[in-house]
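Colleague: First, the structure itself, so that you have it in front of you.
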Amino acid sequence: MKITHKLLFSSWVLLGVTVAPSQVLAGPFNSPGPFVNPVVDGVPLPPQVPGKEYSEDPDRNGNPSHTANPGQVIAWDGTGGTTNTSNFFGLWNPQSGTAAPNPFQVDALANKKDLLFYEVIEDKVTLVFSTGLPGGPRTDYDNYIFYERPNFKVLLPSPYKKIGVWATPAQINQVEPNNVEGLELWAPVKDATVPLEQRINSVLLQGPEVPVDDANRYSLFGDPLGCSVFKSNGDCLFLKANIAGAITPLFPGLDITSAKIDLDGLMTWENDILFSLKPIDGNNDGIITDNDPSKDLDGGEIFVWRSTESSAKFLIHGGHVWDTVFNVKDTVEFWTGLRPGTENIDALEAVAVATPEPSTFLSLLTLGTLGAASTLKRKLKSSKSDEN
């Protein structure tokens, strides 16, 4: 079942109007808002997206201690404030009875029904991602979150950025994170009566926001116990062998075994999955060659694997294919001036922007946007005539 809420454009998006919430940095978690209802294109600010959780390497606590804590996930408010949510090490209780792996390092986060999952793989909403190598060494901008707009045809103010910085280290955590290894957005309104495993992403239209544990799918560094994706209690959802088998047809001639699989970025909708992997030495020469699929996987690939299909495909987003040939470092640097130190995609999620309330839109018009709207209307009418 796909998301049922209707995705609509607004003149606010078309005119490029943005109303920014307070950007004052804070230590404790707070609720700046206002929160948004996602529509088809745009890039909301981090404080406008509810239910933000992340993990870093090594796992540690949020405010106030910021000390190391294996398995810990952190809620962040977008202005530097943080607090703890789930600790998957403490929740470890798989039906198999298998002991928790040691070390225990969270490497990817998702919800069982990630909001905007199908919209992002259909190239209709904004993708957000981080770069970095899990386990280090640290590379430049591991603690930034970038965005890529979709290729969905829409009139937008020109010039605008195709790729940009969605969240800075200071917005993620006042005590700046070492990196962003896992990312989960769009938590539901908190309801303690709903078990963590049953919580499903939803849109928070009314505040205030409270920290919600809704990351109930995760991966661990190294994919221990032969498992790439765990449920919240430690039961295995996707085996490393499953992932290896799904991507092998995309790389004929390369040596891709389950032992080489280490899942990095993750979104899920039940048994459909969007994911990235740590670089794979496909020709066994001991080095990773970037942007050459005849030799290696450089970690810049993003895969889509539906449960109804036998093999995975590359994500097509932003008007290009997220395959090995796509140069992540050059592209991010071109649009942002910031050059990642690696091709490796380390966290994945999706965002969109809000439709303003009618009163808000009328206020914007009185501030001088009426003329711009009239111009836009003429352009749309002319475009429609040309099509006819």
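Please treat every number below as a calculation from the coordinates, not as lab data. Remember, it's a predicted structure, so these values are computed and weren't measured experimentally. Please note: Cβ atoms are built from the backbone with ideal geometry, for glycine as well, and neighbour counts cover all protein chains shown.
Colleague: Can you give the Kirkwood hydrodynamic radius for segment 297-336, in Å, rounded to one decimal and based on Cα pairs?
Modeller: 11.2 Å
Colleague: On to the next question. Given 0.36 nm per residue, what is the gain on full extension from Trp335 to Glu197 after removing their alpha carbon distance, in nm?
Modeller: Stretched out fully, the Trp335 to Glu197 stretch lengthens by 45.8 nm.
Colleague: Where the Cα atoms of segment 224-338 are projected onto their three principal axes, how long is each span, largest first, in whole Å?
Modeller: Principal extents (Cα only, largest first): 41, 31, 25 Å.
Colleague: Viscosity 1.002 mPa s, temperature 20 °C: Stokes-Einstein D of segment 29-104 from its Kirkwood Cα radius, in µm² per second?
Modeller: Diffusion coefficient, whole number: 151 µm²/s.
Colleague: Which residue, Val325, Ile280, Ser311, has the largest displacement toward the positive end of the dipole of segment 278-327 when charges sit on each Cβ (Lys, Arg +1; Asp, Glu -1)?
Modeller: Ser311
Colleague: Right, here's the next one. Write down the Å³ per residue value for the convex hull defined by the alpha carbon atoms of segment 262-330.
Modeller: 103 Å³
Colleague: Over what distance in Å are the Cα centres of segment 332-350 and segment 117-139 separated?
Modeller: 8 Å
Colleague: Here is a further query. Which pairs, out of Lys161/Lys240; Lys112/Lys295; Lys162/Lys260; Lys52/Lys278; Lys52/Lys295, put more than 31 Å between their alpha-carbon atoms?
Modeller: The pairs that break the limit, which is 31 Å between Cα atoms, are Lys161/Lys240; Lys112/Lys295; Lys162/Lys260; Lys52/Lys295.
Colleague: Still on this structure, please answer the following. Could you tell me the calculated FRET efficiency between Thr67 and Ser294, based on Cβ-Cβ distance and R0 = 45 angstrom, to the nearest 0.05?
Modeller: Efficiency, from the Cβ-Cβ distance: 0.50.
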